[in-house]
Amino acid sequence: MRRQTTASRWLQWSYWWYYAAIGCLIPYLALYYRVLQLSGLQIGALIAVLPLGTALFAPLWGALADAFSAHRLVLRLALLLAALAALLLTWARSFETLLGVILLLSISAAGAPPLLDGYAMLISEREGRSYGRLRVWGSFGFIAAVWIVGWLMRERISTIFLIAYALSLLLAGLATVGLPPLRPRIAQPVWQGVHTLLRDRAVGALLLTAFLTTTSGSMLSNFFSVYLVEIGGDARMVGTASALAAISELPVLIFGAWLLERFASQRVLLLAILVYLLRFGLYSLPPAPGWVLAIQLLHGLSFGAYLMASVTLAYQLAGRERAATVQGLLTSSSFGFGAILGSLLGGLLLDRVGAVGLFRVGTLGLVLALLVYLVTLHWLAAPQSGTVQHRVERCFGSEG
């Protein structure tokens, strides 16, 4: 392995603070809405708005960065606007006000994940380092943040988690100072890369699988705190369970290069969906709160493996010229549209079947994701044979 460069160190810290922010926000947001005495449908709507910006704007953030080679500027702007929106959220109380502020937060935060992952794949290729060894620093940040915030709030949910979220985003923005400028190899209009990628059926198969998988996954991430309290847990247990889940990611991400080299990204993605199914099935029983902590250890081989395999496979399909664009599309389909549908379904069903019932519905969704992936797997069989640009040129001609 090559010696670590300054760029990779700064990227690791960017990952640390960005996912520390996620650890401050996501595990506690639904509980905070409960404290504000919102209905299940209102909670579901607010949670669905958060990924709305991801669904609609993540591809645009990535396409803008690739088209104008403004990766650092776009990333810093996204982080700063998201931090300001989080501070506004601390005084919002009514559903209408919350809706407007969350919409602002969702649009501004949409640019960070695809740009960070685009940087990670490009730096990984340049230095011979694995994506997982860069991304794992985000898990370290998440673990520290979710535990500290849970301990600070104890049994009472307060706006502490929102202030911590904003501070972490600002520190993530500060860490981008050491990231290098990234220049695409080809000049392109903003939407050309998006259009080219969407014409490729292999990319489409990956996006559909990601959408279906994260529809169920978003029920887990957004309503897990409600689920755990419903079966007898408290805010501190929510923090502990979330931290354990993040800890389980560490070996998967650290040894991800070996895993992908040994089994290929397509098989690792299949493994992730199967482990997700097992995990949801166990939650659906439901177990005692103590057993939930043990089940959380499956998070690494479900979400962790899914993230690593999907990001890597997307890069293999699209190539370096459209690294940020394809990550924007992947983020949009999964943590955007998939998260929206999962949040809306979860909020709609929460008052009707309870949090345990959500996991039973989510299990059915994962079965559908597995079937779709198995049917389309042959399209993803050999992404290394050429980038999507080369495959499109073979199909439509070099001027297509």
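The values are calculated or read from the model by the stated rules, or taken from the named source; none is laboratory data. Fair warning: this is a prediction, and the values are worked out from it, not measured in the lab. Note that we place each Cβ from the backbone using ideal geometry, even for glycine, and neighbour counts take in every protein chain shown. With ligands, DNA and RNA removed, areas are computed over all heavy atoms of the protein, side chains included. Shrake-Rupley method; radii C 1.70, N 1.55, O 1.52, S 1.80 Å.
Compared with the direct C-alpha span, the chain from F263 to L152 gains 35.8 nm at full extension, assuming 0.36 nm per residue.
Applied to the stretch 113-127, the Karplus parametrisation 6.51 cos²θ - 1.76 cosθ + 1.60 on θ = phi - 60° returns per-residue 3J(HN,Hα) values of x, x, 6, 5, 5, x, 4, 4, 5, 5, 5, 4, 5, 5, 9 Hz, with x for Gly and Pro. Evaluated with a Cβ-only charge set (Lys, Arg +1; Asp, Glu -1), the chain carries a dipole of roughly 640 debye about its Cα centre, given to the nearest 20.
Sort the following peptides by mean Cβ neighbour count (other Cβ atoms within 10 Å, averaged over residues), highest first: 343-356, 93-106.
Values: 343-356: 19.4, 93-106: 16.3.
Ranked by mean Cβ neighbours within 10 Å, highest first: 343-356, 93-106.
3J(HN,Hα) couplings calculated from phi for the stretch 369-377 with the Karplus curve 6.51 cos²θ - 1.76 cosθ + 1.60 (θ = phi - 60°) are, in sequence order, 4, 5, 5, 4, 5, 5, 5, 9, 4 Hz; Gly and Pro show x. For the chain, averaging the sequence separation of C-alpha pairs within contact (under 8 Å, six or more residues apart) and dividing by the residue count gives a relative contact order of 30 percent. Ligands, DNA and RNA excluded, the heavy atoms of M219 present near 10 Å² of accessible surface to a 1.4 Å solvent probe.
Sequence-ordered 3J(HN,Hα) estimates for the stretch 164-178 from the Karplus curve with 6.51, -1.76 and 1.60 and θ = phi - 60° stand at 5, 4, 4, 4, 5, 5, 5, 5, 5, x, 5, 5, 6, 4, x Hz, glycine and proline given as x. When the alpha carbon gyration tensor of the chain is reduced to an equivalent ellipsoid, its three semi-axes come out at 32, 23, 20 angstrom, largest first.
So, R0 is 30 Å and r is the distance between the beta-carbons of R126 and L56; what FRET efficiency does that work out to, to 0.05?
With R0 = 30 Å, the Cβ-Cβ based efficiency is 0.45.
What angle, in degrees between 0 and 90 and rounded to the nearest 10, separates the Cα long axis of helix 71-89 from the longest principal axis of the Cα atoms of the chain? The helix 71-89 is inclined about 10 degrees to the chain.
Using 1/(1 + (r/R0)^6) with R0 = 22 angstrom and r between the beta carbons of A70 and L174, what's the FRET efficiency to the nearest 0.05? If you can, show how the numbers build up before the last one.
On the way: r = 18 Å, r/R0 = 0.83.
Calculated value: 0.75.
Taking the longest Cα principal axis of the chain as reference, the axis of helix 235-254 is set at about 20 degrees.
In the chain, the longest principal axis of the Cα atoms and the axis of helix 6-35 are about 30 degrees apart. Label L348 and I254 with points 7 Å out from Cα along Cα→Cβ: what is the distance between them in nm? The two pseudo-label positions are separated by 4.3 nm. Here the stretch 32-126 exposes an accessible surface that is 71 percent carbon and sulfur, computed with a 1.4 Å probe and the other protein chains kept in place.
Measuring nothing but how far apart in sequence close Cα pairs (under 8 Å, 6+ apart) lie, relative to its length, the stretch 67-156 scores a relative contact order of 25 percent. Placing dummy labels 7 Å off each Cα toward the beta-carbon, the span from W379 to W291 is 3.9 nm. In this structure the chain gives 40 Å² per residue of accessible area when probed at 1.4 Å with all protein chains present. A full extension of the chain between D234 and R201 corresponds to an added length of 7.4 nm, given 0.36 nm per residue minus the alpha carbon distance. The spacing between the stretch 150-170 and the stretch 337-383, judged by their C-alpha centroids, is 30 Å.
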